[in-house]
Amino acid sequence: MGEPQEPQRRVAIVTGGSRGLGRALATELARRGWALVLDARRAPELDATAADLRALTTVTAVPGDVTDPAHRDALVRAATELGTLALVVNNASTLGASPLPTLTDVDPGVLRRIFDVNVVAPVALLQALDPHLADGATVVNVTSDAGVEPYETWGGYGSSKAALEHASRVLAAERPDLRVLVVDPGDMRTEMHQDAFPGEDISDRPEPAASVPGLLALIVGDQPSGRYHAAALASSAPTAS
């Protein structure tokens with residue numbers, strides 16, 4: 001009789017994983033035994049985050065830009081080397097210019113960059129990962145209330161999140177074998193939020209960690225594909241084992 005096989009470990013990719021919400025979520029996933037593949041554009045920050053989290057789990061750091069096909073291929077290779085890819089968190093995002101311009105003033109090149117990062121890259125990454133996704137894998141696409149509400153000067157970012165949300169709904173319809181979760185984490189005290197309000201005091205916004213319990217409740221739960229608010233699910237979040 002052969003030796004019992006160890007269960008394959010769960011692997012998660014978290015883009016934009018070096019700081020803010022990405023780092024906070026990666027930290028909690030690490031505490032729960034997930035192996036992680038993290039990406040970010042700033043290599044020093046990413047390396048520091050990965051070094052901290054390696055005290056908890058296996059972490060592969062892949063610095064680069066999610067709009068770069070070669071970088072996306074590197075993420076695929078890193079994930080498949082670790083185990084079963086059960087979770088993809090498309091968290092990397094860009095506001096574009098700061099201060100935020102109106103739609104009549106936004107540079108077309110900046111607008112194109114916003115859509116490349118916030119819409120095209122998440123879809124392209126899933127295309128590259130598709131052959132390697134575990135049965136019933138979960139896809140988390142991080143959105144914003146700006147994708148629903150018409151806030152002045154948020155037209156570029158907001159319209160990109162609206163496009164990501166609609167793409168997510170279509171993906172869910174096309175791929176009932178996946179859970180496609182669109183999650184609004186709410187306002188957070190992050191560098192991106194500060195860039196949206198340059199010179200303003202945003203210390204009244206909660207830290208990104210406050211949004212993580214709701215995200216975890218979705219990731220480990222059985223909610224169907226759809227759009228969710230992290231705050232509404234925080235009370236049902238699991239405790240670390």
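Things worth noting here:
- Scanning segment 35-55 for residues that are open to solvent by 10 Å² or more (accessible area, probe 1.4 Å) and either among the basic types (Lys, Arg) or closer than 15 Å to LEU82 by Cα (or both) gives ARG41, ARG42, ARG54.
- THR84 over 28 Å from GLY156 (Cα atoms), of a type in the set (S, T, N, Q) and out of contact with any helix residue (DSSP H, G or I) (no Cβ under 6 Å at 6 or more places or on another chain): yes
- Cβ separations smaller than 8 Å between residues 6+ apart or across chains give the following pairs from segment 54-83 residues that are more than 19 Å from ARG10 (Cβ to Cβ) to residues that are assigned to a strand (DSSP E or B) and modelled with pLDDT of 95 or more: PRO63/ASP39; PRO63/ALA40; GLY64/ASP39; VAL66/THR15; VAL66/ASP39; HIS71/ASP39; HIS71/VAL62; ALA74/VAL62.
- Cross-chain or 6+ apart pairs with Cβ under 8 Å, segment 115-126 first and modelled with pLDDT of 95 or more, then of a type in the set (Phe, Trp, Tyr): ASN118/TYR157
- Single residue of ALA162, ALA124, ALA167, ALA134 found to be farther than 16 Å from SER93 by Cα, open to solvent by 10 Å² or more (accessible area, probe 1.4 Å) and of a type in the set (A, V, I, L, M): ALA134
- Test for VAL62: is it of a type in the set (A, V, I, L, M), more than 29 Å from ALA234 (Cβ to Cβ) and in a strand (DSSP E or B): yes
- Among the residues listed as SER98, SER93, SER160, the single one being modelled with pLDDT under 95 and in contact with a helix residue (DSSP H, G or I) (Cβ under 7 Å, 6 or more places away or on another chain): SER98
- Within segment 134-179, the residues that satisfy the criterion of being part of a strand (DSSP E or B), under 16 Å from the mean Cα position of the chain (by Cα) and either among the hydrophobic types (A, V, I, L, M, F, W, C) or at positive phi (or both) are ALA137, VAL139, VAL140, VAL142.
- All positions within segment 8-28 that are polar (S, T, N, Q) and within 14 Å of VAL66 (Cα to Cα): THR15, SER18
- Within segment 137-153, tally of residues that are open to solvent by less than 40 Å² (accessible area, probe 1.4 Å) and either in contact with a Pro (Cβ under 9 Å, 6 or more places away or on another chain) or without any contact (Cβ under 8 Å) to a residue 60 or more places away in the chain (or both): 8
- Complete set of residues in segment 75-115 that are closer than 20 Å to SER168 by Cβ and open to solvent by 60 Å² or more (accessible area, probe 1.4 Å): PHE115
- Failed item in (1) open to solvent by less than 50 Å² (accessible area, probe 1.4 Å); (2) without any contact (Cβ under 8 Å) to a residue 60 or more places away in the chain, with ARG32 passing the rest: (2)
- Residues that are surrounded by 23 or more Cβ atoms within 10 Å (Cβ to Cβ) and more than 11 Å from the chain's Cα centre (by Cα) within segment 8-17 comprise just one, VAL11.
The values are calculated or read from the model by the stated rules, or taken from the named source; none is laboratory data. All values reported here derive from a predicted model rather than from experimental measurement. Neighbour counts run over all protein chains shown; Cβ positions are idealised from the backbone, glycine included. The protein model used for the area step is the full one, side chains on, heavy atoms only, and it has no ligands, DNA or RNA in it. Shrake-Rupley method; radii C 1.70, N 1.55, O 1.52, S 1.80 Å.
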